[in-house]
Ligand SMILES: Cc1ncc(C[n+]2csc(CCOP(=O)(O)OP(=O)(O)O)c2C)c(N)n1
Ligand SMILES: [Mg+2]
């Protein structure tokens, strides 16, 4: 049975079912059992599965990450939750030096089957330290899997697969995705951790979106259709490993590539995708690939500055139309009362 | 300073913090201050008391809940409010918002909101003071939650080893967001005793009694200036409003209404006002209200920043 669920509810269901199916699964993190339950994604889990399996942590993310590793390598399946990517940075040493290399450096005699969820912030003045999207940092490190599900149904299926995976998985969840709904199957199911997905077919150009930017690409594709440009949209979903085959297959049909990352362009995932396509499908390209993302400076707090920081659908459409050789200006998407620093009017910060 | 003059200063400082924070809470629902705000209503006394013990040149570092510290240290009110409004005239030109305040000239060095992360910065400022032979004390404000971070302990350890002129001030308000002490720290372990384990001198007191805070801070600052190395102070207090944002949140059920009311009844302003009598209260409130009115007017009428002004100079780029 399928029914409409929000992103947070879908994640909650994945966690709930994993906890019910496997007594070794645990869920921990700051605020996990609190009344807000990490944007709804952990609400009620402690009541259902007990304080030994679902619990709050001291403000000690670094140690708790190592504790997650220690529990994982001895049999548990921990899911560690951070309300912001930025907070997880205090545990970067554990993730990069220990967790990522655990299986390799012990020649496969030990492993680190754990999941670390991190929420990417945006809007309402989240600013320099509450809105970073650092998938490229994690993706640079061999040994990690890095996923960024966009839809509630993918969030549930990929998180389920991540918990069952014997590899450490970093799951990055965009805060604004918590405001969308989608048809989600009720039963437990898995979505592969290494597959991009074509979410709209087209013939003139391939738009690759990362996380929330996939939704912006879909809006841009609508605008482009009105202008007579047929855009295919690929939801990247998996950052490491990259599903270059799906992207190549699309680009070899359309001949053009625009990558829209939810992160800085410089040194970002968009560079990796573009390079891989150029290396392998150079001959089928009809135009230079284009990369879009955040400018080369930290996120400013003031809405006056942050509004210009993020690529908008009309920006994506304009760049794409130019790539296709049919330059056009696009009027901004209808926003109603919504201002640019909120996904819809229900989101009024503060967090 | 005679005790009555000190009390009046503390009262004025606390009332100013209270009124500014309440003005922010009142204006926030207009949705023109578009950044997270962590208000200090109810816990004005540690800020006022500690800062009353500081001299020109001393520096303050803080975290996410920093408005009271900034104001008590003499940070520019109008530029703080302009910052909340995201304006070019804000104390960080709109780049940082409420969670990243600075007013170096006033002795408020910096506040940043990753819990624990600004603590070593204060220790580093104290290192500068020692190496340059500057007579300066650096205050690091932190919450009970920061006691759980490794970086706090590493920072105290370093400060003790190097006998640096730094004063750690922990405001223990019993909660980290909605998480009570019971899920974060052992039940019968006191915060100052943990700190004392690092070999640092400690003081603790009623964080809703600004006069007591001021006295302890005075002693600690004096000891630091005499070269006895760093100090650690713990003050018990309570946050009245929600963790982040303008409203009350007791309805969420993470703490009881009774607990909230018992703390609200020991209002730091009323405690000291009763002791002092404070005949000038009305006039002081009027003056502060006028200062706030002008600051809000300044903030609202200031221009927004334009995007190109800062980027090329603040970040090295290709
Ligand atoms: C490293 C890190 N983890 C989590 C957070 C989210 N966070 C912001 S404030 C806070 C609670 C801090 O509690 P405490 O230190 O007691 O200060 P209080 O809010 O009570 O003043 C948390 C968990 C953060 N900012 N940084
Ligand atoms: Mg606290």
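Taken together, the values in this text are just the output of simple stated rules run on the coordinates, not laboratory data. Every value quoted in this text rests on a predicted model; they were computed, and no experiment measured them. Reconstructed Cβ throughout: ideal geometry from the backbone, glycine too, with neighbour counts over all protein chains shown.
In which sequence would B:28, A:7 go, from the one with the fewest C-beta neighbours within 10 Å to the one with the most? Walk me through the numbers before you get to the answer.
Values: B:28 21, A:7 29.
Sorted ascending by nearby Cβ count, the order is B:28, A:7.
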Choose one answer from B:277, B:122, B:143: the residue with the largest mean-square fluctuation in a GNM of chain B with alpha-carbon springs under 10 Å. B:277
Which value in nm describes the separation of the simple spin-label points at residue B:308 and residue A:322, placed 7 Å from the Cα toward the beta carbon? 1.6
What does the average come to when, for each residue of peptide B:144-155, you count the partner chain Cβ atoms lying within 10 Å of its Cβ? 3
Within 10 Å of each Cβ in A:55-66, how many Cβ atoms from other chains are there, averaged over the peptide? 5
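Is the C-alpha gyration tensor of chain B telling us rounded, prolate or oblate? Criteria: a/c under 1.5 is rounded; beyond that, a/b larger than b/c is prolate, otherwise oblate. Present the calculation step by step, with values, prior to reporting the outcome.
Details: a/c = 1.32, a/b = 1.10, b/c = 1.19.
Verdict is rounded for chain B.
Averaging sequence separations of C-alpha pairs under 8 Å and six or more residues apart, then dividing by the length of chain B, give the relative contact order as a whole percent. It would help to have the intermediate numbers written out before the result.
On the way: 606 pairs, mean separation 75.4, N = 318.
Relative contact order of chain B: 24 percent.
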Output the relative contact order of the stretch A:197-324, whole-number percent, from Cα pairs under 8 angstrom with separation of 6+ residues. 29
Calculate how steeply helix A:269-281 sits against the longest principal axis of the alpha-carbon atoms of chain A, using the helix alpha-carbon long axis, and give the answer as 0 to 90 degrees to the nearest 10. 60
Taking the beta-carbon count within 10 Å as an exposure proxy, list B:66, B:40, B:236 from fewest neighbours to most. B:236, B:40, B:66
Which value, to two decimals, describes the C-alpha radius of gyration of chain A once divided by 2.2 N^0.38 Å? 0.98
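Looking at the stretch A:68-157, what % of the alpha carbon pairs are farther apart than 19 Å?
Values: 1782 of 4005 pairs.
Beyond 19 Å sits 44 percent of the P(r) for the stretch A:68-157.
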Please say if the stretch A:197-324 is rounded, prolate or oblate, where rounded means a/c under 1.5 for a ≥ b ≥ c the square roots of the C-alpha gyration tensor eigenvalues, and otherwise the choice is prolate for a/b larger than b/c and oblate otherwise? oblate
Choice from A:219, A:331, A:301 with maximal GNM fluctuation in chain A (Cα, 10 Å cutoff): A:331
Number of partner chain Cβ atoms within 10 Å, mean per residue of A:302-312: 6
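Please arrange A:282, A:92, A:138 by how many other C-beta atoms lie within 10 Å of their C-beta, fewest to most.
On the way: A:282 8, A:92 15, A:138 23.
Starting with the residue having the fewest Cβ neighbours, the order is A:282, A:92, A:138.
When the helices in the protein assembly as shown are scored as -39500 (n - 2.57) per DSSP H run of 4 or longer and the sum is shared across all residues, what 222 nm value do you end up with, to the nearest 500 deg cm²/dmol? Intermediate values should be presented prior to the final figure.
On the way: 25 runs with 258 residues, N = 669.
Theoretical 222 nm ellipticity from helices: -11500 deg cm²/dmol.
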Within the stretch A:1-33: backbone nitrogen closer than 11 Å to the residue A:181 label point (7 Å, Cα to C-beta): A:3-7
Rg/Rh of the protein assembly as shown (Cα atoms, Kirkwood Rh), to two decimals, equals 0.99
Förster-model FRET efficiency, 41 Å R0, residue B:289 and residue A:48, C-beta, rounded to 0.05: 0.20
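Given a Förster distance of 41 angstrom, what is the FRET efficiency for residue B:22 paired with residue A:2, based on the Cβ-Cβ distance and rounded to 0.05? Write out the running numbers ahead of the final one.
Details: r = 48 Å, r/R0 = 1.18.
That pair, residue B:22 with residue A:2, gives E of 0.25.
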Show me B:225-233, B:283-291 ranked by packing, highest mean number of other Cβ atoms within 10 Å first. B:225-233, B:283-291
If the elastic network links every pair of Cα atoms under 10 Å, which of A:147, A:116, A:67 fluctuates the most in the Gaussian network model of chain A? A:67
Rounded to 0.05, the calculated FRET efficiency for the beta carbons of residue A:252 and residue B:219 at R₀ = 60 Å is 0.20
So, in nm, how far is label residue B:1 from label residue B:247 when the simple model puts each one 7 Å beyond its Cα toward the Cβ? 3.9
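How much length would be gained if the chain were fully extended between residue B:154 and residue B:189, taking 0.36 nm per residue of separation minus their Cα-Cα distance, in nm to one decimal? The partial results should precede the final answer.
Working: separation 35, 0.36 × 35 = 12.60 nm, distance 1.93 nm.
My answer for the length gained is 10.7 nm.
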Using only the alpha-carbon atoms of the stretch B:27-147, report the extent along each of the three principal axes, biggest first, to the nearest angstrom. 48, 30, 25
